[in-house]
Amino acid sequence: MSWVRLPDGTVRWGRHGAAGLLLTARGHVLLACRSSRVDHGGTWAYLGGARLYGAARPRLVLTTERRTA
């Protein structure tokens, strides 16, 4: 994975974009604490991450969570 600079000058993570999953139930939201090994480590976020080339969307979040666990 790598950082990508967009034409407007902003920088984003993941050459092929990102995917996320927002799980809710009865007014509650599932969040994950980001690993201290990543950007903004120790903060809370919804599940997801940068996409690998050709990754199928339903598998993206599960693959990312296994990689960062």
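When the residues of the range 1-16 are narrowed to those that are touching a residue at least 12 places away in the same chain (Cβ under 8 Å) and assigned to a loop (DSSP other than H, G, I, E, B), which ends up surrounded by the fewest Cβ atoms within 10 Å (Cβ to Cβ)?
Start the filter on the range 1-16 by keeping residues that are touching a residue at least 12 places away in the same chain (Cβ under 8 Å), which leaves 1-2, 13-16.
In the following step, the residues that additionally are assigned to a loop (DSSP other than H, G, I, E, B) were identified as 1-2, 14-16.
Working: Met1: 13, Ser2: 7, Gly14: 15, Arg15: 13, His16: 13.
The qualifying residue surrounded by the fewest Cβ atoms within 10 Å (Cβ to Cβ) is Ser2.
Of everything in the range 17-46 that's within 9 Å of the chain's Cα centre (by Cα) and closer than 26 Å to Arg5 by Cβ, which residue is surrounded by the most Cβ atoms within 10 Å (Cβ to Cβ)?
Restricting to residues being within 9 Å of the chain's Cα centre (by Cα) and closer than 26 Å to Arg5 by Cβ, the top hit is Ala19.
Please identify the pairs in which a residue from the range 35-59 that is under 24 Å from Thr24 (Cβ atoms) and among the small types (Gly, Ala, Ser) has its Cβ atom under 8 Å from the Cβ atom of a residue that is modelled with pLDDT under 70 and part of a loop (DSSP other than H, G, I, E, B), counting only partners at least 6 apart or on another chain.
Pairs found: Ala50/Met1.
Search the range 56-69 for residues being surrounded by 15 or more Cβ atoms within 10 Å (Cβ to Cβ) and aliphatic (A, V, I, L, M), and hand back the single one that is modelled with the lowest pLDDT.
Result: Leu60.
When the residues of the range 1-15 are filtered to those that are under 12 Å from the mean Cα position of the chain (by Cα) and not aromatic (Phe, Trp, Tyr), which remaining residue is nearest to Gly48 (Cα to Cα)? Talk me through it step by step, then tell me what you get.
First pass over the range 1-15, keeping only residues under 12 Å from the mean Cα position of the chain (by Cα): 1, 12-14.
Retained after the next criterion (residues that are not aromatic (Phe, Trp, Tyr)): 1, 12, 14.
Numbers: Met1: 14, Arg12: 14, Gly14: 12 Å.
That would be Gly14.
The values are calculated or read from the model by the stated rules, or taken from the named source; none is laboratory data. Values in this document were obtained by computation on a predicted structure and should not be read as measured data. Backbone-built Cβ (ideal geometry, glycine too); neighbour counts: all protein chains shown.
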